[in-house]
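Notes for the one structure printed next.
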Amino acid sequence: MAKLFLSLHVLAAILAIGPITVAASMFPRLARTAPTPETPALLHKICRSYAYVGAAIPVLGIATGAALGVLSDAWLVVSIVLTGVAAGVLVAVILPGQGELLEAGEGAVTGEERRAAGARLAMTTGVFNLLWAAVVVLMIVRPGSTTGV
């Protein structure tokens, strides 16, 4: 059962987090430079949609950890915390920031305010991506692992 959970966990991570990191990274620049608003709106929709799919990642990860008997290992606890922080950044900052930039494209915000909001969003997206990179490293290295890796 552990192999099934692990396979599903890795597949969910690849299929959900990959599109979110790419779409979220592209969004700030395209929100400024896209010739039509459809492209940034599509990227925002991708981020929102895959965020729902991404909810399966920690569920499957915890199921895998339980099946392997490693739920109390420090590397897994840190990974869970970093995953929670990344999810919080996505839901509380990135998705609302994208929505605000899309709305700003329709009117009442100056170009300077829009550039500043885009820069903040780009920085936050970078932090989001770094959090996921740290989780991936922890999943591969697994400090204290007895597998010899």
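The values are calculated or read from the model by the stated rules, or taken from the named source; none is laboratory data. The structure presented is a predicted model; accordingly, all values stated were derived computationally and were not measured. Here the Cβ is made from the backbone with ideal geometry for all residues, glycine too, and neighbour counts use every protein chain on show. Protein only, heavy atoms only, side chains kept; ligands, DNA and RNA dropped before computing areas. Shrake-Rupley method; radii C 1.70, N 1.55, O 1.52, S 1.80 Å.
Tally up the residues in region 26-53 that are within 10 Å of the chain's Cα centre (by Cα) and either of a type outside the set (A, V, I, L, M, F, W, C) or more than 21 Å from Ala86 (Cα to Cα) (or both), please.
1
Only one entry in Leu95, Leu90, Leu76, Leu82 is open to solvent by less than 20 Å² (accessible area, probe 1.4 Å), under 20 Å from the mean Cα position of the chain (by Cα) and at pLDDT 95 or above, namely Leu90. State yes or no: is Arg120 under 13 Å from Pro28 (Cα atoms), modelled with pLDDT under 90 and open to solvent by 60 Å² or more (accessible area, probe 1.4 Å)? It is false that Arg120 is under 13 Å from Pro28 (Cα atoms), modelled with pLDDT under 90 and open to solvent by 60 Å² or more (accessible area, probe 1.4 Å). You will find that of Ile46, Ile57, the residue that is open to solvent by less than 40 Å² (accessible area, probe 1.4 Å), assigned to a helix (DSSP H, G or I), out of contact with any Phe, Trp or Tyr (no Cβ under 8 Å at 6 or more places or on another chain) and of a type in the set (Val, Ile, Thr) is Ile57 and no other.
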